[in-house]
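The values are calculated or read from the model by the stated rules, or taken from the named source; none is laboratory data. If you're wondering where the values come from, they're calculated on a predicted model, not measured in any experiment. Because the Cβ atoms are built from the backbone with ideal geometry, glycine has one as well, and the counts that use them run over all protein chains shown.
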Amino acid sequence: MSEASRIYPVQDRIRSQSYLKSRADYQAMYQKSVSNPDEFWREQAMRISWFHPFDRVSDWDLAQASVRWFEGGKLNVSYNCIDRHLESRGDQTAIIFEADEPEHARHISYRELHAEVCRVANVLKSFGVKKGDRVCIYLPMIPELAYTMLACARIGAIHSIVFAGFSADAIRDRIIDSQASMVVTANEGLRGGKRIALKTVVDKAVDGLDVVKTVLVAKHTETEVNMVTGRDFDMAEEKARQRPTCPPEWMDAEDPLFILYTSGSTGKPKGLMHTTGGYLVYASLTHQYVFDVHPGDIYCCAADIGWVTGHTYIIYGPLTNGTTTIMFESVPTYPHAGRYWDMVQRHKVNIFYTAPTAIRAIAREGNQWVAPYDLSSLRILGTVGEPINPEAWEWYYQVVGKSQCTIVDTWWQTETGGILITPLPGVNDLKPGAATLPFFGVQPCVVDQDGQEITTTEAKGYLCMKAAWPGMARTVYGDHERFKQTYFSQYPGLYFTGDGCTRDRDGDYWITGRVDDVINVSGHRLGTAEIESSINAHEWIAESAVIGYPHEIKGTGILAFVILNADAGSPSDADVSNAVRGQVSSDIGKIARPDMVLVCPGLPKTRSGKIMRRILRKISIGAYDDLGNVTTLADPSVVDQIIQVHKNHK
Ligand code: PRX
């Protein structure tokens, strides 16, 4: 897919407001950012407040996985997100909390945010949390989540947010890896009218873990939960004891801000570590230009803060820029499939950012869920997390945007901290499905199998980056060698993204998806190895192979081929499927549950024992006659057997 099916010119309505007015405007700024990066970033760094100026703009060597920005500079992220706005916009809404029940929506001003964050910061301090300590946050999308992460930033503690859909085992692993001494959670979460027993999950996660000294519990519903004396404390009671002011800790630009775990091809999830100065400058600049945010805009990123999108584009970018940002607690289909548009109408949202999965899920419910709402406030529509199929793009553009809004298809990753390849409002004609152009300072390249850069304009290969940018992750927490191995060893001197791409004749980039054993399910990133190791832990299972297959709503569905142990007895296929799904839910979380489980007599392995996933992927899409060469398999006959199982399942 390197050519757009249709190209939509930038609308005058967009261009009349946008910071950049043409591709030439973009090119001039981009050229400056890559021909003299230090000068460019020195200027851009001035968009945030520094307590002490930095001595050096950048110092990096990708071959060594060594990246440093704005060294010598001192700043505080929560000061930048809150305090510096108090004088000019203290009474402006900082956060609109769009609660699960739409009528419970609430506005939080910058001044209130300041008081709440300071109180939580003082609570953390009162329990002995100090600069550099790790705090694990397992909260739903409620204001306490924003308060707690900003409170950590205020006192220099490193937050590690775990998406509130992960299992007890997944939290436990993350707590152990980061050695977090405190966990902040809620009694219950609410999503789509359902209650989620978060505290019960945390109890299981921390059971017997000496490292966790304190569990703070925000009371989000009336439900009483078990509180362990001496360990568990009520957040509201603790906050009530604290003053609403707390001096911000002066942090070095390269001090850690947060750890966020993400899945890779191998092993357990990695704790990507982001630092302070470069991350914030990058979050702020990208947020302003990609979403063309102007003072007074109402901005809504409907992601969850448990993922990087929420970190950078619900909290840090928007608040640094003094924007009104929405925290969406619910799901797109509650109480009905018009929820997003009802919200857009009620809050007069100008900029709306979500994942293709959500768009597909509501598009299929029909246009009648969009039609009743006044969406004329919308100007910019964004997508993120996975490639967007042209049908979903067109629906977003025409039905939601009424052909009056621009769409920014933003490509980036947990590792990149912020958006790297994206259209910019006013700059690009729109090509459905194309991420288009690198952001300022970003230098992508396409490399072939051998790691040679393809220098022709039109290219197809692996997407890498040639230069560091301020927002990139600095390391894998506690394992720098893994960081280097994963991202910088494949193609020495380059950052390897793990994605494939094509570059078309206009020089626009199209992301084609992961080229490793990572799958993207509903925009959530999962490692197939991680799911396999969970499945294999079940007593009935001898071995498994997990792949992604095309799924109408989720983009990618999870398909597990499993082989039973000889002593498993004869469970029915349904029993095996339930057992496998249950095992994965408990080890990782429901998001990683296979959509389809096929019990097979064997797996297609080479003589050296490597599973040929290529063959499984072909079978999963019914391309039985297009399996390529199977003669290198140890037992080619297994292929026909698997095909039979797949056919029977359909
Ligand atoms: O494969 C790419 C896909 O999501 C991966 C990153 O996942 P994660 O770290 O969870 O971050 C998601 C949100 C930033 C990428 O390697 N991806 C992300 N955005 C896009 C995308 N694929 C295609 N188009 C996008 N716009």
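Residues that are of a type in the set (A, V, I, L, M): which strands (runs of 3 or more DSSP E) entirely in the range 490-587 hold 2 or more of them?
Qualifying strands (runs of 3 or more DSSP E): 518-521, 541-551, 555-564.
On the basis of being among the aliphatic types (A, V, I, L, M), surrounded by fewer than 23 Cβ atoms within 10 Å (Cβ to Cβ) and within 12 Å of the ligand (Cβ to nearest atom), does Val518 make the cut?
Answer is yes for this residue.
Residue by residue through the range 443-464, note down the ones that are surrounded by 15 or more Cβ atoms within 10 Å (Cβ to Cβ) and without any contact (Cβ under 8 Å) to a residue 60 or more places away in the chain. Reasoning before the result, please.
The first filter runs over the range 443-464 and keeps only residues surrounded by 15 or more Cβ atoms within 10 Å (Cβ to Cβ), leaving 443-447, 451, 454, 459-464.
Correct list: Cys445, Val446, Val447, Gly451, Ile454, Ala459, Gly461, Tyr462, Leu463, Cys464.
Got a sec? Which of Pro594, Pro601 is assigned to a loop (DSSP other than H, G, I, E, B), touching a helix residue (DSSP H, G or I) at 6+ places or on another chain (Cβ under 7 Å) and either at pLDDT 95 or above or surrounded by 18 or more Cβ atoms within 10 Å (Cβ to Cβ) (or both)?
Of the residues listed, the single one that is assigned to a loop (DSSP other than H, G, I, E, B), touching a helix residue (DSSP H, G or I) at 6+ places or on another chain (Cβ under 7 Å) and either at pLDDT 95 or above or surrounded by 18 or more Cβ atoms within 10 Å (Cβ to Cβ) (or both) is Pro594.
Which ones in the range 35-77 are basic (Lys, Arg), within 24 Å of Glu249 (Cβ to Cβ) and either in a helix (DSSP H, G or I) or not assigned by TED's automatic domain parsing to the domain that holds Trp469 (or both)?
Arg47
For the range 481-490, check the following and say yes or no: at least one residue is more than 24 Å from Tyr279 (Cα to Cα) and touching a residue at least 24 places away in the same chain (Cβ under 8 Å).
Yes; the residues of the range 481-490 include at least one that is more than 24 Å from Tyr279 (Cα to Cα) and touching a residue at least 24 places away in the same chain (Cβ under 8 Å).
Taking the range 493-515 on its own, how many of its residues are more than 15 Å from Val67 (Cβ to Cβ) and within 14 Å of the ligand (Cβ to nearest atom)?
14
Are any residues in the range 293-336 within 14 Å of the ligand (Cβ to nearest atom), assigned to a loop (DSSP other than H, G, I, E, B) and touching a strand residue (DSSP E or B) at 6+ places or on another chain (Cβ under 8 Å), and if so, which ones?
Passing the criteria: Ala302, Ala303, Ile305, Gly306, Trp307.
Sort out which residues of the range 427-440 are away from the ligand (no atom under 13 Å from the Cβ), assigned to a loop (DSSP other than H, G, I, E, B) and surrounded by fewer than 24 Cβ atoms within 10 Å (Cβ to Cβ), and write them in order of number.
Asp429, Phe440, listed by residue number.
Among the residues of the range 630-650, what is the count of those that are farther than 17 Å from Leu603 by Cβ and at pLDDT below 90?
Residues that pass the stated criteria total 1.
Is the range 418-426 home to any residue that is under 17 Å from Asn350 (Cα atoms), within 13 Å of the ligand (Cβ to nearest atom) and either more than 19 Å from the chain's Cα centre (by Cα) or of a type in the set (D, E, K, R) (or both)?
No, the conditions are met nowhere in the range 418-426.
Listed here are the residues, each with its yes/no results for (1) under 23 Å from Ala146 (Cβ atoms); (2) surrounded by 20 or more Cβ atoms within 10 Å (Cβ to Cβ); (3) aliphatic (A, V, I, L, M).
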{"residue": "Ala371", "(1), (2), (3)": "no, no, yes"}
{"residue": "Pro387", "(1), (2), (3)": "no, yes, no"}
{"residue": "Pro390", "(1), (2), (3)": "no, no, no"}
{"residue": "Trp411", "(1), (2), (3)": "no, yes, no"}
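Within the range 483-492, which residues are modelled with pLDDT of 95 or more and either surrounded by fewer than 18 Cβ atoms within 10 Å (Cβ to Cβ) or within 15 Å of the ligand (Cβ to nearest atom) (or both)?
Phe483, Lys484, Gln485, Thr486, Tyr487, Ser489
Give the range 526-538 a look and list any residue that's surrounded by fewer than 21 Cβ atoms within 10 Å (Cβ to Cβ), at pLDDT below 95 and not hydrophobic (A, V, I, L, M, F, W, C), or say none.
Ser533, Asn536, listed by residue number.
Do we find that Ala473 is under 26 Å from Ala283 (Cα atoms) and among the aliphatic types (A, V, I, L, M) in this structure?
Yes.
So how many residues does the range 273-292 have that are surrounded by fewer than 24 Cβ atoms within 10 Å (Cβ to Cβ) and either within 12 Å of the ligand (Cβ to nearest atom) or closer than 14 Å to Pro425 by Cβ (or both)?
3
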